[in-house]
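A.B. asks: I'd like to ask some things about the structure below.
A short reminder: the numbers here are calculations on the coordinates, not readings from a lab. Quantities reported herein were computed from a predicted structural model and do not represent experimental measurements. In this analysis, Cβ positions are derived from the backbone assuming ideal geometry, glycine residues included, and neighbour counts consider all displayed protein chains.
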Amino acid sequence: MPLWLWNERSSSINLADAEYKKLLSQYYLSQLRIAAEVRDAYWNYQKSKIESDLALRRHENAKSLALDVEKRFKAGDLSRADLHQANGALASSEAFLVEAQANVINAEQRVRTLLGSEYLKKIQFGDIAKNIEPLPKVPENLSGLDSSLPIVAALVDQLEVAKKAVDLAKSQTRASPQLQIWTTKGREVYGVPYQQSVAVGLRIPFGSDARNTNRLASATAEMVDSEVRLSYERESALSNVESNVALVKSAQMKLGAADKRSNLA
């Protein structure tokens with residue numbers, strides 16, 4: 001029966017706790033990733049529907065314009081170059097319409113893949129203004145988001161697991177001592193009662209094991225890799241937040257300009 005080495009039991013408990021915390025953070029991160037993918041598929045579908053409707057209106061306008069130009073060409077008011085230009089605009093609008101309709105099909109297929117056909121029928125793709133989500137409040141100092149970002153928190157927990165694995169490997173400097181128990185039962189002469197004896201021994205291995213050295217080196221390398229990955233993902237996550245904030249501000253400016261143009265039209 002193997003016995004615990006010094007600090008081996010506490011290190012094993014700490015490693016198990018760290019792995020449990022890492023599992024929870026990764027589970028939460030997976031939920032957020034799935035939610036983000038569903039949200040992205042939903043809004044891409046909405047965007048493709050709007051672009052398809054816009055392409056259809058442009059195609060109808062181009063078709064109406066082409067018919068009007070053809071009539072005026074036959075009447076001698078416009079040249080053949082004007083007719084070719086109108087027909088070219090009609091062909092271009094038709095190509096954009098076909099592409100927009102294909103994008104709608106692809107976006108709908110993506111939603112169906114994520115949610116299934118039954119759930120797709122239950123989704124109400126109505127007025128977009130009613131479904132717009134409020135913008136999250138982003139602090140001016142993005143360093144405050146470091147610990148709250150799920151991907152960073154998951155990598156911090158992974159780094160903690162690597163550190164606990166190193167502590168456990170350091171405590172396992174040699175093979176574990178073993179408590180040995182032997183029992184014997186026998187008799188010297190036939191006819192006499194059996195005699196039973198119990199022997200207890202302690203087997204203590206001396207010297208270090210090369211396997212434990214390799215385990216410590218592997219755990220240390222894993223810890224260094226986790227530290228480097230955490231540093232990279234932290235900078236990448238904060239950069240993504242900054243770029244997305246800039247994109248949101250740019251989209252808001254475009255929306256304001258579009259509203260002004262709509263009011264002046």
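A.B. asks: Report the extension gain between R203 and L56 in nm, rounded to one decimal, defined as 0.36 nm multiplied by the number of residues separating them, less their alpha carbon distance.
C.D. replies: Length gained between R203 and L56: 44.5 nm.
A.B. asks: Then there's this: Filter the chymotrypsin sites (Phe, Trp or Tyr not before Pro) in the range 1-83 down to the DSSP loop ones having no more than 10 other Cβ atoms within 10 Å, then list what survives.
C.D. replies: For chymotrypsin sites (Phe, Trp or Tyr not before Pro) across the range 1-83 that sit outside H, G, I, E and B with at most 10 neighbouring Cβ atoms in 10 Å, the list reads W6.
A.B. asks: List nothing, just return the count: lysine pairs in the range 1-133, 8 or more apart or interchain, with Cα separation under 27 Å.
C.D. replies: For the range 1-133, qualifying lysine pairs total 12.
A.B. asks: From the P(r) of the range 1-133, can you give the percent of Cα pairs sitting at distances over 22 Å?
C.D. replies: So the pairs more than 22 Å apart make up 64 percent of the total in the range 1-133.
A.B. asks: Apply the Karplus curve 6.51 cos²θ - 1.76 cosθ + 1.60, θ = phi - 60°, to the phi angles in the range 149-161 and return the couplings in whole Hz, x for Gly and Pro.
C.D. replies: 5, x, 5, 5, 4, 5, 6, 5, 5, 5, 5, 5, 4
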